[in-house]
Amino acid sequence: MDVIDFYTESWIRDDRDGVRQVLAPDVDVEWNLDAPVDDEELVQTLHRIAVFADAVTVVSRAGRTDGAALVYDLTAPFGTARVAEFLTVEAGRITQIRQVYDVVAIDRYFPGLYLN
Amino acid sequence: MALPEIHVVAGTTDAATELGPVAQALRLAGLLVPVLVAAGADPTAVGAAFTELNLVADLTLPAAPALGLIARFDRMWANRAPAAVLVAGSDPAGLSAALAAAWRGIPVAHLSAGMRSDDCAPQGSVFSAPSEGSGAGINTAADVESDARLITQLARVHLIARPIDAMNLLDEGVPAKDLMISGDDTLAPRRAAQAVASMTGLAPPPAPMPVTVPTATVRFGG
């Protein structure tokens, strides 16, 4: 299993230690949510999604030698929100994470997901 | 020196019809070279839609479900990176192109942005896992809207036909400076082309389009 599959399966299973294990110490995290983010805030947000969502489905995965682009559907009790994620890998660790959320659906179906 | 390219990606005939006039305006402006890309589930039909506008698709991608297009665009742009990518509406191939472009840091312009029906929940989007050998999943109105909203989050410039579409984007938190009401009249393609060229630093921003508030005749009394 490569590092991206390990990361993805870890956060979907709500394994926060697994996620931390593959993040580089200086991982660069960006997202389009209206809140600041660092690696620990990312881990906590993924934890909240994993706990709240009825299902998290990887619906697209495009890979390169140094990373991947993923699209997830996050199914909540009242609807589904989509997120795209761009990952960069160096020396077996994830060094960059960029998440692009459908913020309208996130605010509607995952209220309180992030603090703003 | 060769002019930079802008890849104009259409995955449906509707998208080709919307994008074609802007591509023509871009060509006339002479600042960017528009490269027409026919993609989606039926790229032949998309190419035919370009032909109806007296245009020719420069690149035709093999028919593919949306799931396969991100990697395909990424490979294409590894060798031939454009200065910008232009997509339209809620075109699934446009979403794939926008995702691949964002992954490579290529700026995206979104034509016909901001059209919303407030139908939020995707039930089986173009990105829903298709059955083997099939194209995209069932594409409901909610999916279309969901895909359009994700393109919005990826785009740097939003080209808008109607003021109400601008209001939708402002409600979604899109900065006003990124919106361009290009209108839906005969000059709209020129305004859109200038906004796209401005995004790449090749032209000044277009002048704001005057907005006319519709008025109604009210008759009082009998």
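The values are calculated or read from the model by the stated rules, or taken from the named source; none is laboratory data. Note that the structure is a prediction, hence the values are computed from the model and not measured. So basically every Cβ, Gly included, is an ideal-geometry build from the backbone, and we count neighbours across all protein chains shown.
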Residues located in segment A:69-98, provided they are more than 9 Å from chain B (Cβ to nearest Cβ) and closer than 20 Å to A:ASP26 by Cα:
A:GLU85, A:LEU87, A:THR88, A:VAL89, A:GLU90, A:ALA91, A:GLY92, A:ARG93, A:ILE94, A:THR95, A:GLN96, A:ILE97
Would you mention how many residues in segment B:112-159 are in a loop (DSSP other than H, G, I, E, B) and at pLDDT 85 or above?
7
What number of residues within segment A:69-97 are surrounded by fewer than 18 Cβ atoms within 10 Å (Cβ to Cβ), in a strand (DSSP E or B) and either modelled with pLDDT under 95 or under 12 Å from the mean Cα position of the chain (by Cα) (or both)?
2
Select from segment A:102-112 the residues that are facing another protein chain (nearest Cβ under 7 Å) and in contact (Cβ under 8 Å) with a residue 12 or more places away in the chain and write down the one among them that is nearest to A:LEU33 (Cα to Cα).
A:VAL103
Being within 14 Å of another protein chain (Cβ to nearest Cβ) and farther than 29 Å from B:ASP74 by Cα is the filter here, so list the residues in segment A:9-63 that pass it.
A:ALA35, A:ALA53, A:ASP54
If I go through segment B:100-114 residue by residue, how many of them are of a type in the set (A, V, I, L, M) and closer than 18 Å to B:VAL174 by Cα?
5
Elements of type helices (runs of 4 or more DSSP H) in segment B:20-111, at least 2 residues being more than 14 Å from every other protein chain (Cβ to nearest Cβ):
B:43-52
Any idea how many residues of segment B:145-180 are away from chain A (no Cβ under 14 Å), among the β-branched types (Val, Ile, Thr) and under 14 Å from the mean Cα position of the chain (by Cα)?
2
Residues located in segment B:33-73, provided they are touching a residue at least 40 places away in the same chain (Cβ under 8 Å) and farther than 29 Å from A:ALA84 by Cα
B:PHE50
Being more than 19 Å from B:VAL108 (Cα to Cα), among the polar types (S, T, N, Q) and modelled with pLDDT of 95 or more, is that true of even one residue in segment B:20-35?
no
